[in-house]
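J.: Quick one: the structure is below, questions incoming.
The values are calculated or read from the model by the stated rules, or taken from the named source; none is laboratory data. Treat the numbers as computed from the prediction; the structure is a model and nothing was measured. Cβ: placed from backbone, ideal geometry, glycine included. Neighbour counts: every protein chain shown.
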Amino acid sequence: MIWNAFAIAVREIGRNLTRAFLTVLGIFIGVASIITMVTLGEGATLAVKAQISSLGSNLLTLRPGAGFGQRGSSAGVPSFTERDAETLGEQIASIAAIAPVRTAFLRRGS
């Protein structure tokens, strides 16, 4: 029975060569695109890991009002000042360096 089904399948493929070719081409393109996307994803993951590891294992980032809750929970919290950064350096002896960073977000339409 299996041989009979195989013989019918081969005969039908021979009768419809264009359809068979397009089917094989579609499968080839699909597999190639999946392999490409997985490879790009893994490459991007490795690039991000490399950037994070280049920061070092002894880096600490402090943000005023940042917590583990919802993102909007820090609204209205005052920013750190340069004096706050200097105070941290003075009071904690194991800090090797402090690099204060200021970021600003622009509102659209203003």
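J.: Six or more apart or on different chains, Cβ under 7 Å: which pairs go from a residue in segment 99-110 that's at pLDDT 70 or above to one that's basic (Lys, Arg)? Could you list them?
T.: Final answer for the pair search is none.
J.: Still on this model: Restricting attention to segment 19-36, and to residues there that are of a type in the set (Gly, Ala, Ser) and within 22 Å of ALA9 (Cβ to Cβ), which single residue is surrounded by the most Cβ atoms within 10 Å (Cβ to Cβ)? Give the derivation first.
T.: Taking segment 19-36 first, the residues of a type in the set (Gly, Ala, Ser) are 20, 26, 30, 32-33.
Remaining after also requiring within 22 Å of ALA9 (Cβ to Cβ): 20, 26, 30.
Numbers: ALA20: 13, GLY26: 10, GLY30: 10.
That would be ALA20.
J.: Right, another one. Within segment 27-59, work out how many residues are more than 12 Å from the chain's Cα centre (by Cα) and modelled with pLDDT of 95 or more.
T.: Final tally of qualifying residues: 13.
J.: Of the residues ALA50, ALA32, ALA20, ALA44, only one is in contact with a helix residue (DSSP H, G or I) (Cβ under 7 Å, 6 or more places away or on another chain), without any contact (Cβ under 8 Å) to a residue 40 or more places away in the chain and assigned to a helix (DSSP H, G or I); which?
T.: ALA20
J.: If you don't mind, another one. Output the number of the condition that LEU62 fails; it satisfies all remaining conditions of (1) more than 20 Å from PRO100 (Cα to Cα); (2) of a type in the set (A, V, I, L, M); (3) modelled with pLDDT under 95.
T.: (1)
J.: Of the residues that make up segment 75-85, is at least one under 29 Å from the mean Cα position of the chain (by Cα), modelled with pLDDT of 70 or more and in a loop (DSSP other than H, G, I, E, B)?
T.: Taking every residue of segment 75-85 in turn, at least one turns out to be under 29 Å from the mean Cα position of the chain (by Cα), modelled with pLDDT of 70 or more and in a loop (DSSP other than H, G, I, E, B).
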